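Asks: First the structure, then my questions, so here it is.
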Amino acid sequence: MFNDLLKEFCAPLSPDEIEWKIQGVTNNKDKTIIVPYMNNRAVMTRLDNCFGANNWSAKFTHINYQFSKSSKKDGPRVENGLGTVCELSIKTGNEWITKSDGADATHIEPFKGGISDAMKRAATQWGMGRDLYDYPKIFLEGAHFYIPPQTMSLLNQMVVKKNTQGLEKDVVVLPNPNK
């Protein structure tokens, strides 16, 4: 039974569980790079739906760490970082199984963002969202600051096609709906 629930938890993400963000623009600024991601609410909803609210838990530990960084100008130096580790536990029978992963504090809402990112990464350790790595590189013609609604519709159609038929392309270039 646990394996069936875990399989359901790891099923490909649906269009309403995927969010899209602009990752940047190409060097010549003729295309916008778009990537899929899952948000933390999708993780918690799947955990509740698959295992029940009482059969999973998340424990967060905040850590300070040091890392080496070097630049051509300043050479090597040691910097401090702040991160969060999420231990995501799921109950099977009378046993709790834990998988964990961590993330750095984010630039926007560092504390909350670090917690959310760590939990999403821990869910990926369990298998949820791994299908996001199967998407092709997605470009939108033109430089954009937001994803136009017409493009969101195409992205949602792409998710459905990927989940039902698969995608064969390594790169997808979507048309600029503003032209």
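Asks: Please name all residue pairs, on different chains or six or more residues apart, with Cβ atoms under 8 Å, provided the first residue is in the range 79-99 and is free of Cβ contacts under 8 Å to residues at least 60 places away in the same chain and closer than 20 Å to G113 by Cα and the second residue is in a loop (DSSP other than H, G, I, E, B) and not hydrophobic (A, V, I, L, M, F, W, C).
Replies: Cβ pairs passing all conditions: none.
Asks: Would it be correct to say that G114 is farther than 18 Å from G127 by Cβ, of a type outside the set (D, E, K, R) and surrounded by 10 or more Cβ atoms within 10 Å (Cβ to Cβ)?
Replies: Yes: the conditions hold for G114.
Asks: If you don't mind, another one. So for the range 97-106 (the condition being over 20 Å from the mean Cα position of the chain (by Cα) and either over 26 Å from Q66 (Cβ atoms) or assigned to a strand (DSSP E or B) (or both)), does at least one residue qualify?
Replies: There is at least one residue in the range 97-106 that is over 20 Å from the mean Cα position of the chain (by Cα) and either over 26 Å from Q66 (Cβ atoms) or assigned to a strand (DSSP E or B) (or both).
Asks: I would also like to ask the following. Just give me the residues in the range 149-172 being closer than 21 Å to N27 by Cα and surrounded by 12 or more Cβ atoms within 10 Å (Cβ to Cβ), in sequence order. Lay out the reasoning, then the answer.
Replies: In the first step, residues of the range 149-172 are kept if they are closer than 21 Å to N27 by Cα; the result is 170-172.
Of everything in the range 149-172, just one residue is closer than 21 Å to N27 by Cα and surrounded by 12 or more Cβ atoms within 10 Å (Cβ to Cβ), namely V172.
Asks: Separate question: Can you work out which of the residues in the range 31-60 that are of a type in the set (A, V, I, L, M) and closer than 24 Å to W126 by Cα is surrounded by the fewest Cβ atoms within 10 Å (Cβ to Cβ)?
Replies: Going through the qualifying residues, I end up with A53.
Asks: Let me ask something else about it. Looking at the range 101-152 only, could you name the residues that are charged (D, E, K, R), modelled with pLDDT under 95 and under 20 Å from A58 (Cβ atoms)?
Replies: Of everything in the range 101-152, those that are charged (D, E, K, R), modelled with pLDDT under 95 and under 20 Å from A58 (Cβ atoms) turn out to be D104, E109, K112.
Asks: Under 8 Å between Cβ atoms, which residue pairs at least 6 apart in sequence (or on different chains) link something in the range 55-70 that is within 19 Å of T98 (Cα to Cα) and touching a residue at least 24 places away in the same chain (Cβ under 8 Å) with a partner that is in a strand (DSSP E or B) and charged (D, E, K, R)?
Replies: Close Cβ pairs (under 8 Å, with a partner that is in a strand (DSSP E or B) and charged (D, E, K, R)) amount to N55/K91; W56/K91; A58/E87; K59/E87; F60/E87; T61/E87.
Asks: Go through (1) touching a Lys or Arg at 6+ places or on another chain (Cβ under 8 Å); (2) closer than 24 Å to P136 by Cα; (3) hydrophobic (A, V, I, L, M, F, W, C) for I18 and report which single condition fails.
Replies: (1)
Asks: Filter the range 1-30 for residues that are under 27 Å from T164 (Cβ atoms) and among the charged types (D, E, K, R); which is surrounded by the most Cβ atoms within 10 Å (Cβ to Cβ)?
Replies: E17
Asks: If you don't mind, there's one more thing I want to ask. Taking the criterion of being within 16 Å of the chain's Cα centre (by Cα) and part of a helix (DSSP H, G or I), would at least one residue in the range 31-41 satisfy it?
Replies: The answer is yes, given that some residue of the range 31-41 is within 16 Å of the chain's Cα centre (by Cα) and part of a helix (DSSP H, G or I).
The values are calculated or read from the model by the stated rules, or taken from the named source; none is laboratory data. The shown structure was predicted, so the numbers you read here are calculated from the model rather than taken from an experiment. Backbone-built Cβ (ideal geometry, glycine too); neighbour counts: all protein chains shown.
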